[in-house]
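Notes follow the structure.
The values are calculated or read from the model by the stated rules, or taken from the named source; none is laboratory data. Treat the numbers as computed from the prediction; the structure is a model and nothing was measured. Cβ: placed from backbone, ideal geometry, glycine included. Neighbour counts: every protein chain shown. Surface accessibility is based on the protein's heavy atoms, side chains included, excluding ligands, DNA and RNA. Shrake-Rupley method; radii C 1.70, N 1.55, O 1.52, S 1.80 Å.
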Amino acid sequence: MAPDDLGSPHERYDARVQRRSALLLKRRIVEQEREHFLAALDWAHDEGAFERIAAAIVASRRRFILGAAKSFTYASLLAMDLSAGLANVSLIDGTIVRPLDVLSDVRSTDVLVAISLSRYRKYTVDIARRFAEAGGTVIVITDSADAPLVDVAQELLIVDTESASFANSPTSVALVIHLLVTLTTASAKGAGRRLQERDRLSESLDLYYD
């Protein structure tokens with residue numbers, strides 16, 4: 001599915017949100033999100049790329065997660081949940097894990113999951129392309145078959161982010177992340193032991209309010 005023709009949040013705000021009744025707008029968004037979520041569930045149920053991507057992440061030696069701007073939020077969620085069950089998961093944040101450090105040492109056993117949603121950031125596109133050129137495996141989560149990284153993706157998931165709001169919908173993206181994390185962790189050797197040890201350490205360090 002192609003991304004929205006109204007490219008910027010400002011254009012979408014003027015067309016869909018400004019001067020609209022709050023009640024009508026709420027109902028419109030809720031109905032659209034319901035339709036999208038049901039459609040996303042049907043799509044995910046039959047999409048074989050989920051299993052292939054999970055297998056590729058498990059088989060890799062190092063797992064890098066990439067996203068910029070709003071996509072960085074999704075990338076952070078994916079990295080955090082993956083790291084609960086797998087070792088060697090790194091979020092490329094530009095500060096602690098820098099693109100230059102990653103790209104200077106790409107190995108054929110490395111995998112990069114790039115989340116690149118409209119409007120597509122050059123930062124994500126440039127890094128992912130160079131990662132692929134260096135011989136690493138690139139997995140792309142995007143929102144259009146015409147997105148910039150489609151041509152370098154060894155595996156690809158195209159999500160529907162259309163919304164009645166000025167902001168693109170996060171619903172399908174969250175579903176994709178949830179499914180990938182669950183499938184990957186379920187098939188990762190040692191994930192159960194790692195999760196158990198994390199629970200033990202969390203309790204001993206008194207991390208959570210009971």
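Compute, for Phe37, the solvent-accessible surface of its heavy atoms (probe 1.4 Å) with the complete set of protein chains present, and express it in square angstrom to the nearest 10.
About 80 Å², rounded to the nearest 10.
Go ahead and run the numbers for FRET between Ser187 and Ser21, Cβ-Cβ distance against an R0 of 35 Å, rounding to 0.05.
Efficiency, from the Cβ-Cβ distance: 0.15.
Mind checking the angle between helix 22-46 and the chain's longest principal axis? C-alpha axes, 0 to 90 degrees, to the nearest 10.
Result, in degrees: 40.
When the accessible area of the stretch 48-200 is split by element with a 1.4 Å probe, what percent falls to carbon and sulfur?
53
Sort Ser116, Ser21 by accessible area with a 1.4 Å probe, largest first.
Ser21, Ser116
Counting only C-alpha contacts under 8 Å and six or more residues apart, can you give the relative contact order of the stretch 48-200 as a whole percent?
28
Write down the Kirkwood hydrodynamic radius of the stretch 48-200, to one decimal in angstroms, obtained as one divided by the mean of 1/r over all alpha carbon pairs.
About 15.5 Å for the stretch 48-200.
Given Ala68, Leu179, Ala79, which one lies farthest toward the positive end of the charge dipole of the stretch 48-200, if we put +1 on the Cβ of every Lys and Arg and -1 on the Cβ of every Asp and Glu?
Looking along the dipole axis, the top candidate is Ala79.
Specify the residue with the greatest mean-square fluctuation among Leu23, Leu117, Leu41, computed from a Gaussian network of the chain linking alpha-carbon atoms under 10 Å apart.
Between Leu23, Leu117, Leu41, it is Leu23 that shows the largest mean-square fluctuation.
What order do Leu24, Leu201, Leu156 take when sorted by accessible area (1.4 Å probe), most exposed first?
Leu24, Leu201, Leu156
Could I have the simple spin-label model distance between Ala167 and Leu100, label points 7 Å from Cα toward Cβ, reported in nm to one decimal?
Calculated label separation equals 3.4 nm.
Each residue of the stretch 179-196 in turn: what ³J(HN,Hα) in whole Hz from Karplus with 6.51, -1.76, 1.60 and θ = phi - 60°, glycine and Pro shown as x?
Once θ is set to phi - 60°, the couplings for the stretch 179-196 become 5, 4, 4, 5, 5, 5, 5, 5, 9, 7, 5, x, 5, x, 5, 5, 5, 5 Hz.
Peptides 89-96, 76-83: what's the order by average Cβ count within 10 Å, highest mean first?
The densest-packed peptide leads the list: 76-83, 89-96.
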